[in-house]
Every structure is written in C-alpha cells, then in structure tokens.
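*Asks:* Can you read through this structure? Questions will come right after.
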Amino acid sequence: MFPYEKKTRFSYSFATVPELSYICRREGFDIPLSRDVSPLSGKVRLRSKGGEMVTLQNSLAVLPVNCLDAAEDGAPSCLTERRWIRCAGSGAGLVFCGPASVSESDIADGRLLMTENNIQKYKSLINKMRAVFSGLLVLQLFADCPSEKESEGDLPALFAKAARAAFNAGFDGVEICVFPDSPSEYRSLVSKIFGAVFAVSPENAVISLKYFHNENSPDPDVVLLCDLAKKGLSAISVTAVSPDLACPSNIPQATPTRHPIADAEQLLSAAKRIKNLVPDVCVIASGMSYFKELAPNVAAGAIADKACDVAGFGRMALAYESFASDFLSDNTNRKKVCVACGKCTKLYLSGETVGCPVRDQSIYLPVLRRVTGKK
Ligand SMILES: Cc1cc2nc3c(=O)[nH]c(=O)nc-3n(C[C@H](O)[C@H](O)[C@H](O)COP(=O)(O)O)c2cc1C
C-alpha cells in the first residue's frame, strides 16, 4: 500500500502525477493530466474583430482578480501597478487586467474604473507593462447590473464608452463581464453589450466574454454563444456562477459536501462543452490553481484534451510571480505555488486589499492579520 492511499477522501493529498491520477481513479473524477507540459508552450491563434488572427506566444493566461486596490478616482494605485507589472512579467502570453467598472456608481471600495478622465494613469502603467511583456493585454470591463443609478438599458452605452477608453489607453482587447440574473435576461443583455462594444472597437481588437457556467443548468447557452461566435467574438473565459465552484479550494471543512476536484472537473467539462460548441473561438479555462505544483500538468492535460485553448490562472498569479515561465520550462517551484487556502477570497469578502498573504507576505500578511485580529 502506498502512503497516499491511507489519506481521507477529501484530504488534499497528492504531490505527484501518479498520486493525483490514483485519487481521480479512486473517486471517479475525470481530470485530464499530462506529465509532458509541452502543450502549454503551444501558440494560440485568436480572431480579432476584423477577422485577422492574433497569435499568443503560449497557452497560459493571467485571469482577472478583483483586488480592491484602486486609487480613489478608480485609477490603478501603486499596489495595482505592482500587481499588474508582476502579472505582465509572469511569462503568460495573455494577461487579463481588471476588472474595471464601466460606471462611476460602482467604484466604491477600491474598485477600478475605466474612463477617459483617468486614462493617463492607465496609459503610463501599460507602458511599464509593455517594457516586460510583448503579449496580449485585455481589460475586463464589469458592471453590477443594474446599479442603483443606471438601468439595464444604459449598460451597452456605458460598456461602449469604457471600451473606447480602454483602447485609447492602449489595451489590445476588452472582456465583457456581467453577472447573470436569469438566463434569458443575460442573453439579451450580453448581446446588446457585445453589439455596442463591437461597434467602437478597432479592427485589431480582441473581444472576450466572461461566461458563467451554472451548475443547476449545466448546458451552455447555445443560442447566445453561437450567435456571438458568428458575429466575431474572439474568446470565452469560463467561470461559474457559484463562487465556491469558481475557486476550488483546500479549505478544511468539518463536513465537506463535495471534493474540490469535483468542482475543478465541472469547470473543465464546462469549458470543453463550450469549445466543442464554438471551435473557432478561443476558450480559456480556470480553477486549476487548486492543483498547486501539479497545476501545469492539469493545464497541459486540459489543452491536450481540447477542453480549452488557454489555461488561465487567477490565484496562482497572485501567489507566484514567475508561474508561467516556470510552468513552461517545467521548473515549477512547490514552495512558490498557490496553496488554494482561500485567504485571498477572505480578504476580498472583508472588503480589504486582495493579494496572497502566504506567498506575498510583506504586503498582504499584515492585511490578513488586520482582518482576523490574529498577530
Ligand atoms: C478574490 C478573488 C476575486 C476574483 N475576482 C474576479 C473578477 O473580478 N472577475 C473575474 O472574472 N474573475 C474573478 N475571480 C476568479 C478568477 O479569475 C479565477 O477564475 C478563479 O480564481 C479560479 O481560477 P484559479 O484556480 O486559477 O484561481 C476572482 C477570484 C478571487 C479568488
């Protein structure tokens, strides 16, 4: 009997590909795994608005994380700057910045805002990022819909205005992110926002959609996604409606309801369904930071399995500055990886500046201590 066979059903107990694959077999999880990480180095081509193909230098992306660290006017602060420059230098071919709100009524509590009024700060930060990064920079645009001051009908124009500012600032693309209230409202709202953003985007722009997988009705919205694919959507980044499902975590619970690997499996299978549905659109999968030092093997497996074109990392990018370069060269350092402990989420839920209190302690451990009251 191997030592890992003694561990409990829900314990996080794998350090090698054979161990993880044993646990998946034992529990019946279908997680693609590849010892060979070369699929991560594959170049990815995605369609710009005008139909020209844009090439990503590798298949890794930094995903947007709402770190509540904007300056008062909603522009990037020095903490945002530090974070984005770290992400730009991570080695990933695609970096999602943001989320930035499209509406001034949403910018309380450190949220970013994208407007012509604070564009200079974005421009100078983009210049600094470009000094260390030659990949694609996409800004996620976000709206709490509908906010108190605006009605849902205002959102397409607000998104279009923010998208125009984002392109003027120097971003290569924008991502549309609105949270679904109901599937039919979501479809009609997203279609209108996409139309408005498309109309103001330059020909070489990349337009992405944040798609929220719903575990209660797991089939993707075929009508919406096929329609947007036909109209020129470049990419779909897949997450989940439920925050717990979106971020599989290694948080000890007295009575866990479900293994976190089951959540990761669901996210990857949602991405795969979407990839099958719209094969010409670049699909970006998420939720793999949970796998710690085996994340590159899961990501490579997912790409080889055609579950996605790009493996996106949110929490991993907060924790591990050079994660993408190290994944690509198969030199992942287990002392630097995200441990999926949920502390970044805890900071977010407390309305504090978000970062990794475990791996980026000098800045974020004091913030966590303030939240927990522990020394
Ligand atoms: C604190 C926190 C805030 C997040 N904020 C956003 C957000 O504003 N927009 C978004 O698309 N995803 C957001 N995410 C989700 C991440 O982009 C990503 O999908 C998720 O963390 C799972 O990927 P991972 O396992 O690589 O972390 C957030 C995640 C965390 C932990």
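*Asks:* Could you grab me the full set of residues in the stretch 184-227 that are touching a residue at least 60 places away in the same chain (Cβ under 8 Å) and under 17 Å from the mean Cα position of the chain (by Cα)?
*Replies:* VAL206, ILE207, SER208, LYS210, TYR211
*Asks:* If I ask for residues that are more than 20 Å from VAL44 (Cα to Cα) and surrounded by fewer than 18 Cβ atoms within 10 Å (Cβ to Cβ), which ones from the stretch 215-230 would you list?
*Replies:* GLU215, ASN216, SER217, PRO218, ASP219, VAL222, VAL223, CYS226, ASP227 - these are the residues of the stretch 215-230 that are more than 20 Å from VAL44 (Cα to Cα) and surrounded by fewer than 18 Cβ atoms within 10 Å (Cβ to Cβ).
*Asks:* Looking at (1) outside any helix (DSSP H, G or I); (2) touching a helix residue (DSSP H, G or I) at 6+ places or on another chain (Cβ under 8 Å), which is the one condition that is false for GLU203?
*Replies:* If we test GLU203 against (1) outside any helix (DSSP H, G or I); (2) touching a helix residue (DSSP H, G or I) at 6+ places or on another chain (Cβ under 8 Å), just (2) comes out false.
*Asks:* Within the stretch 287-304, is there a residue that is surrounded by fewer than 19 Cβ atoms within 10 Å (Cβ to Cβ) and either touching a helix residue (DSSP H, G or I) at 6+ places or on another chain (Cβ under 9 Å) or among the aliphatic types (A, V, I, L, M) (or both)?
*Replies:* yes
*Asks:* Among the residues of the stretch 229-247, are any within 12 Å of the ligand (Cβ to nearest atom) and of a type in the set (Lys, Arg)?
*Replies:* Checked against the condition, which is being within 12 Å of the ligand (Cβ to nearest atom) and of a type in the set (Lys, Arg), the stretch 229-247 yields no hits at all.
*Asks:* Also, quick follow-up: Quick check: is even one residue across the stretch 113-122 part of a strand (DSSP E or B) and either surrounded by 24 or more Cβ atoms within 10 Å (Cβ to Cβ) or not polar (S, T, N, Q) (or both)?
*Replies:* Checking the stretch 113-122: at least one residue is part of a strand (DSSP E or B) and either surrounded by 24 or more Cβ atoms within 10 Å (Cβ to Cβ) or not polar (S, T, N, Q) (or both).
*Asks:* Output the strands (runs of 3 or more DSSP E) that fall wholly within the stretch 19-96 and possess 3 or more residues being within 13 Å of the ligand (Cβ to nearest atom), or say none.
*Replies:* Qualifying strands (runs of 3 or more DSSP E): 60-62.
*Asks:* Regarding ASN168, is this residue at pLDDT below 95 and in the same structural domain as ALA264 (by TED's automatic domain parsing)?
*Replies:* no
*Asks:* Follow-up question, since we're still on this one. Which of the residues belonging to the stretch 366-375 are in contact with a helix residue (DSSP H, G or I) (Cβ under 9 Å, 6 or more places away or on another chain) and closer than 18 Å to LEU79 by Cα?
*Replies:* VAL367, LEU368
*Asks:* Restricting to the stretch 250-262, name every residue that is surrounded by fewer than 21 Cβ atoms within 10 Å (Cβ to Cβ) and either of a type in the set (Ser, Thr, Tyr) or within 14 Å of the ligand (Cβ to nearest atom) (or both).
*Replies:* Listed by number, the residues that qualify are ASN250, ILE251, THR255, THR257.
*Asks:* Now, a different point. What tally of residues in the stretch 94-149 results from selecting those that are farther than 23 Å from LEU56 by Cα and of a type in the set (Lys, Arg)?
*Replies:* Residues flagged as farther than 23 Å from LEU56 by Cα and of a type in the set (Lys, Arg) within the stretch 94-149 amount to 3.
*Asks:* Further question: Limited to the stretch 153-183, what total is found for residues that are assigned to a helix (DSSP H, G or I) and either farther than 15 Å from LEU136 by Cβ or within 21 Å of the chain's Cα centre (by Cα) (or both)?
*Replies:* Of the residues in the stretch 153-183, 17 are assigned to a helix (DSSP H, G or I) and either farther than 15 Å from LEU136 by Cβ or within 21 Å of the chain's Cα centre (by Cα) (or both).
*Asks:* I need a count of the residues in the stretch 364-375 that are β-branched (Val, Ile, Thr) and either within 15 Å of the ligand (Cβ to nearest atom) or assigned by TED's automatic domain parsing to the domain that holds LEU40 (or both).
*Replies:* Adding up the residues that qualify gives 2.
*Asks:* Still on this structure, I have one more. Do we find that GLU265 is modelled with pLDDT of 95 or more, of a type in the set (Asp, Glu) and either more than 15 Å from the ligand (Cβ to nearest atom) or surrounded by 24 or more Cβ atoms within 10 Å (Cβ to Cβ) (or both) in this structure?
*Replies:* no
The values are calculated or read from the model by the stated rules, or taken from the named source; none is laboratory data. In this text the structure is predicted, and so the values were computed from the model without any measurement. All Cβ positions, glycine included, derive from the backbone under ideal geometry; neighbour counts span all protein chains shown.
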